[in-house]
Amino acid sequence: MESANHTGIAEFVLLCLSDAPQLHPLFFGLFLCMYLVTLLGNLLIILAVSSDSHLHTPMYFFLCNRSFVELCFTSATIPKMLVNIQAQRKDISYRGCLTQVYFLMIFAGMDNFLLTLMAYDRFVAICQPLNYTVIMNP
């Protein structure tokens with residue numbers, strides 16, 4: 001009986017956006033700025049909703065939770081990409097890749113669930129305005 005191939009995957013090599021090393025600082029700065037703006041915007045939404053008592057309604061509750069999920073969603077992938085842009089060795093372990101994909105899928109599912117709840121909230125507010133406070137009681 002012949003033996004089968006028993007090779008395994010230990011790590012993945014991540015390809016960069018460009019082979020030109022002089023563009024790496026530009027990409028790093030661009031993606032870092034976009035990441036920081038995203039973090040700052042979501043943190044400001046969370047802070048505004050939690051600090052103002054007039055915004056303690058179901059719509060803003062869902063918006064605050066969606067901002068938190070988006071914060072986690074972007075933080076699951078972007079930091080590793082920023083490290084890989086600057087690093088000489090551009091690889092990720094198999095377990096690291098699976099962990100990153102796992103959290104990405106969890107946060108994507110949570111995001112879809114929150115968007116569904118937000119759509120239902122607006123549906124009830126528009127189609128059944130008299131019953132809105134009973135159905136969507138905070």
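Each reported figure results from applying straightforward, stated rules to the coordinates on display, with no laboratory input. Because the structure is a prediction, the values reported are computed rather than measured. Ideal geometry is used to build each Cβ from the backbone, glycine not excepted, and the neighbour counts take in all protein chains shown.
Quick one: compute the contact order of the range 23-135, relative version, from alpha carbon pairs under 8 angstrom and 6+ residues apart, as a percent. Walk me through the numbers on the way to the answer.
Numbers: 65 pairs, mean separation 33.8, N = 113.
Once normalised by length, the contact order is 30 percent.
Taking the Cα-to-Cβ direction at T77 and at M59 and moving 7 Å from each Cα, how far apart do the two end points lie in nm?
Those two pseudo-labels are separated by 3.0 nm.
Quickly work out the F31-to-L43 label distance, labels modelled 7 Å from Cα along the C-beta direction, and quote it in nm with one decimal.
A separation of 2.1 nm, rounded to one decimal place.
For D91, which sequence-distant residues (separation of 5 or more, or a different chain) have an amide H within less than 5 Å of its own amide H, given hydrogens modelled in the peptide plane?
Hits under the 5 Å cutoff: L14.
Nearest 20 debye, what's the magnitude of the dipole of the chain about its Cα centre given +1 on Lys and Arg Cβ and -1 on Asp and Glu Cβ?
Details: 6 positive and 8 negative charges, 26 e Å.
So the dipole magnitude of the chain works out to roughly 120 debye.
Where Lys and Arg each count +1 and Asp and Glu each count -1, what net charge lies around M110 among other residues with Cβ under 13 Å from its Cβ? Walk me through the intermediate numbers first.
Working: positive: R66; negative: E70, D111.
For residues surrounding M110, the net value is -1.
If you work out semi-axes √(5λ) of the Cα gyration tensor in Å from the coordinates, which of (i) 46, 14, 11; (ii) 37, 17, 8; (iii) 41, 22, 10 do you get?
(iii)
Where in the chain are the DSSP H helices whose alpha-carbon span along the long axis reaches 18 Å or more and whose Kyte-Doolittle mean is at least -0.5?
On the way: long enough: 24-51 (40 Å, 1.91); 58-75 (26 Å, 0.73); 94-127 (49 Å, 1.02).
Span-like helices, by this rule, are 24-51, 58-75, 94-127.
Is it possible to state the helix-based mean residue ellipticity at 222 nm for the chain, with each DSSP H run of 4+ residues giving -39500 (n - 2.57), the sum divided by total residues, to the nearest 500 deg cm²/dmol? What is it?
On the way: 5 runs with 93 residues, N = 138.
It lands at -23000 deg cm²/dmol.
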